[in-house]
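Asker: One structure, as structure tokens, below. Some questions next.
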């Protein structure tokens, strides 16, 4: 992640929570958590919400996956999770709504059903801290390039590629694939997406780099 090499590094979730609590200004604060698939964005965001209390909420980017019907029509189902399989304009609009509106209803992704579900996430006036997590939120490529300035704090997750590879293969094993199929799925889609995230990551304010064991 060349754009992150000079950003301060944080390895303790409580220290990261303290940074979020100390954000200046009033009104709603938007915090971006960006990183490759398998980096632990969702897990970190949920951990931080537990630490920050009811004024914090997770906003998942995965709710803006294109539906499989559209992906099939475009020949993109095998690349689900790649940049072109998201509604980037919809994500941008939602983030701007979070900035300017007290009450926002958003979609989320159901992994069991393998589809986005509308109207699942509710952000109200009490949610002063919105932890927005997704692969491409801080990418400098194409339609993603305008998102970074919308955030009050930009956090990149940095996990070694060999650890990501192990996690991503295991993810497909856990879905019932045999080892060869799981590795082919990870190498054909997930790992290229991970490299894209790392190569196009723009400047960030913090790097979260926890100790990893796999």
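Asker: Can you tell me which residue is farthest from residue 18 (Cα to Cα) among those in segment 154-212 that are in contact with a helix residue (DSSP H, G or I) (Cβ under 6 Å, 6 or more places away or on another chain) and assigned to a loop (DSSP other than H, G, I, E, B)?
Answerer: Checking each candidate, the answer is 202.
Asker: Can you tell me which residue among 51, 96 is modelled with pLDDT of 95 or more, under 24 Å from residue 143 (Cα atoms) and touching a helix residue (DSSP H, G or I) at 6+ places or on another chain (Cβ under 8 Å)?
Answerer: Result: 96 is the single residue among 51, 96 that is modelled with pLDDT of 95 or more, under 24 Å from residue 143 (Cα atoms) and touching a helix residue (DSSP H, G or I) at 6+ places or on another chain (Cβ under 8 Å).
Asker: Can you find a residue in segment 123-142 that is surrounded by fewer than 18 Cβ atoms within 10 Å (Cβ to Cβ), over 22 Å from residue 194 (Cβ atoms) and in contact with a helix residue (DSSP H, G or I) (Cβ under 9 Å, 6 or more places away or on another chain)?
Answerer: No; the residues of segment 123-142 include none that is surrounded by fewer than 18 Cβ atoms within 10 Å (Cβ to Cβ), over 22 Å from residue 194 (Cβ atoms) and in contact with a helix residue (DSSP H, G or I) (Cβ under 9 Å, 6 or more places away or on another chain).
Asker: Can you pull out the residues in segment 100-117 that are more than 18 Å from the chain's Cα centre (by Cα) and either within 25 Å of residue 37 (Cβ to Cβ) or surrounded by 14 or more Cβ atoms within 10 Å (Cβ to Cβ) (or both)?
Answerer: Within segment 100-117, 104, 112, 113 qualify.
Asker: Next question. Identify all residues within segment 2-36 that are buried (at least 21 other Cβ atoms within 10 Å of the Cβ) and farther than 18 Å from residue 149 by Cβ; write none if there are none.
Answerer: 16, 35, 36
Asker: Being touching a strand residue (DSSP E or B) at 6+ places or on another chain (Cβ under 9 Å) and surrounded by 12 or more Cβ atoms within 10 Å (Cβ to Cβ) is true for just one of 194, 94. Which residue is that?
Answerer: Result of the check over 194, 94: 94.
Asker: From the list 124, 75, 119, which residue is without any contact (Cβ under 8 Å) to a residue 24 or more places away in the chain and in contact with a strand residue (DSSP E or B) (Cβ under 7 Å, 6 or more places away or on another chain)?
Answerer: Answer to the selection: 119.
Asker: Starting from segment 48-66, take each residue that is under 13 Å from residue 128 (Cβ atoms) and list its partners that are in a helix (DSSP H, G or I), counting only C-beta distances under 6 angstrom and pairs at least six apart or across chains.
Answerer: 52/17; 56/49
Asker: Looking at residue 84, is it surrounded by fewer than 15 Cβ atoms within 10 Å (Cβ to Cβ), farther than 20 Å from residue 119 by Cα and at pLDDT 95 or above?
Answerer: Yes, satisfied.
The values are calculated or read from the model by the stated rules, or taken from the named source; none is laboratory data. It should be emphasised that the depicted structure is a prediction, and the values quoted were computed from it without experimental measurement. We place every Cβ from the backbone using ideal geometry, glycine too, and count neighbours over all the protein chains shown.
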